[in-house]
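See below for the structure under consideration.
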Amino acid sequence: MIIIGEKINATRKSIAAAIQARDGEHIIQVAREQVAAGADYLDLNGGSPQPQAEVENMKWLVELVQAHVEVPLCIDSANPAAIEAGLSLAKAKPIVNSVSLEPGRLESLLPILSARECMVIGLCMSEEGMPTGTDDRLERAGRLVEALTGAGKQMDEIILDPCFLPVSAQPGAGRAVCEAIARIRREFPPVHVGGGLSNVSFGLPQRRLVNLAMVVSAVYCGMDAALIDPGSPMMLPLILAAEVVTGADEWCAQYVAAYRQGRLGQAAP
């Protein structure tokens, strides 16, 4: 499983305030906590209504985080200039979060992605907006794969995000995204599949419980990449356990290693 720590994102009030104040200590603490919890990548989003400010935010975040942790980065922005700025400073091969089929989005990013060594998250959104079922997710996944491989990306450099939507607003959203994960996995075996699964619990109490249920279901269907808070109680242990049950963790090696490192928590034997 590719674990992308989601917490350094300007949509979070504390992170936005830290970016605005250039409070490096707070950002470094959040970065270190996510790495200690098991993040393989750290998502960095310095979103700002002012495009040039977002570019400067991204530069500051990339240089700051790389100076204090060793995991690679996930460069996250809707601003192509900010993505290009982040990629230009990345020391290890990063992920770009994200490209979609929305008007102008794909065209503006393909030249940047083609020129850089990086993985990329392809979000199954199009000119028609959010997907509503399984078939449209699969169709959009196919278009993204065609565009990204045409830009020089290898299949295993692509992470397809089927769009995790709130089940409180669309009762069948959880089942639809799980079915889409399974179909994408069958149709495009070399690609990675996953995304920001915590969206499914939006608007509900005790969101953590819904997120945990979602991650187990998604891993069963073939999800192998997740943009999550790795420090959320029992999230990583459940992912590791689900990979054992589904056979994704061959000979249970990752699970046993996590146990030896004390990363499975205090659950009863």
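Derivation of every value follows stated rules applied to the coordinates shown; laboratory data play no part. Being a predicted model, the structure only gives us computed values, none of them experimental. Note that each Cβ is placed from the backbone with ideal geometry, even for glycine, and that neighbours are counted across all protein chains shown.
Take residue 186 and residue 29, extend 7 Å from each Cα along the Cα→Cβ direction, and tell me the distance between the two endpoints in nm.
4.9 nm
FRET efficiency for residue 36 and residue 81, Cβ-Cβ distance as r, R0 = 35 Å, nearest 0.05? Walk me through the intermediate numbers first.
Numbers: r = 32 Å, r/R0 = 0.92.
After rounding to 0.05, the efficiency reads 0.60.
Tell me, what HN-Hα J-couplings in whole Hz come from the Karplus equation 6.51 cos²θ - 1.76 cosθ + 1.60 at θ = phi - 60° for each residue of the stretch 187-199, using x for Gly and Pro?
Each residue of the stretch 187-199 in turn: 6, 10, x, x, 6, 8, 9, x, x, x, 6, 5, 4 Hz.
What is the distance, in nm, between label points placed 7 Å from the Cα along the Cα-to-Cβ direction at residue 220 and at residue 251?
With each label point 7 Å from Cα toward Cβ, the separation is 2.8 nm.
Roughly speaking, what is the stretch gain from residue 234 to residue 102, that is 0.36 nm per residue apart minus the C-alpha to C-alpha distance, in nm to one decimal?
On the way: separation 132, 0.36 × 132 = 47.52 nm, distance 3.52 nm.
Net length gain for the segment: 44.0 nm.
Kindly put 113, 73, 87 in sequence by how many other C-beta atoms sit within 10 Å of each C-beta, fewest to most.
Values: 113 23, 73 29, 87 20.
In order of increasing Cβ crowding within 10 Å: 87, 113, 73.
Can you tell me, using C-alpha contacts under 8 Å and at least 6 residues apart, the relative contact order of the chain as a whole percent?
On the way: 468 pairs, mean separation 42.0, N = 269.
Dividing the mean separation by the residue count of the chain yields 16 percent.
Using the beta-carbon distance between residue 117 and residue 50 and R0 = 45 Å, what value does 1/(1 + (r/R0)^6) give for FRET efficiency, to the nearest 0.05?
Working: r = 29 Å, r/R0 = 0.65.
Calculated transfer efficiency: 0.95.
Calculate the spin-label point distance for residue 175 paired with residue 20, positioning each point 7 Å from the Cα along the beta-carbon direction, and give it in nanometres.
The two pseudo-label positions are separated by 4.4 nm.
Under 8 Å for C-alpha pairs, at least 6 residues apart: give me the relative contact order for the stretch 1-152, rounded to a whole percent. Don't skip to the end; give the middle numbers.
Values: 232 pairs, mean separation 25.1, N = 152.
Relative contact order for the stretch 1-152 comes out at 17 percent.
With a cut-off of 14 Å, note down the residues of the stretch 51-88 whose backbone N falls inside the zone around a label point 7 Å from the Cα of residue 11 toward its beta carbon.
Flagged as within label range: 76-79.
Give me 232, 108 sorted ascending by neighbouring Cβ count inside 10 Å, so fewest comes first.
Numbers: 232 18, 108 13.
In order of increasing Cβ crowding within 10 Å: 108, 232.
What's the exposure ranking of 163, 74, going from fewest to most Cβ atoms within 10 Å?
Values: 163 22, 74 29.
Final ranking by Cβ density, sparse to dense: 163, 74.
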